[in-house]
1. Using a 7 Å offset from the Cα along the Cα-to-Cβ direction at both Ile19 and Glu136, what is the distance between the two label points in nm, to one decimal?
2. Could you give the nm distance between label points at Thr7 and Leu94, where each point is 7 Å from its Cα heading toward the beta carbon?
3. In what sequence, highest mean first, do 128-140, 11-23, 112-124 appear when ranked by Cβ atoms within 10 angstrom?
4. With a/c under 1.5 counting as rounded, go ahead and sort the stretch 1-64 into rounded, prolate or oblate using the C-alpha gyration tensor (a ≥ b ≥ c being the square roots of the eigenvalues; past the cut-off, prolate if a/b is larger than b/c, else oblate).
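The numbers here are math on the coordinates, done by the rules we state, and not lab data. These numbers come from a predicted model, not from an experiment. Positions of Cβ are backbone-derived with ideal geometry, glycine not excepted, and every protein chain shown enters the neighbour counts.
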Amino acid sequence: AIEVKYTFPNETVVGIFDIEVNQPPKSGSCSIHPSNGTILTLFTITCSNWADSDGIKDYSIYGLNSIFEKLSNFIDFVFLAWKNDPTQSIMITLTNRSIFQVRLPATFDQSSSYHLVVHIRDSFDSTTQFQLSSVEVFPDNDIIQ
């Protein structure tokens, strides 16, 4: 609690304020299935048991991938320039559902390894990050040929 005292010539006014610090969501987990696939695979992400007195606002998935570093050498798009810095990851999707599906791109390499992080956000924008297990995405050779 914070006490504020205002003194005027004729009176003194005292105000007491309680400040509550917003806590991020806690106690949950997220998983991804399958652990590998092609560019046509729908990867299912399931987040469960997240608790927050303010309610869960949304889930967002961010991807870290070494292919973005390779591509940024040839293409000058900000969203592709990861350069081994997790703070420069790209957002893949945003949803208010705790179970959702995403497709992940592949490159011309034999496979692309993705390190995915789920951001679980409450209604006051306090966020918890949960790192999913890595997934491999392979090119779909039937489409390429």
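1. 5.1
2. My value for the distance between the label points is 4.9 nm.
3. Put in order of decreasing packing, that is 112-124, 128-140, 11-23.
4. Details: a/c = 6.85, a/b = 4.29, b/c = 1.60.
It is prolate, given that a/c is not under 1.5 and a/b is the larger ratio.
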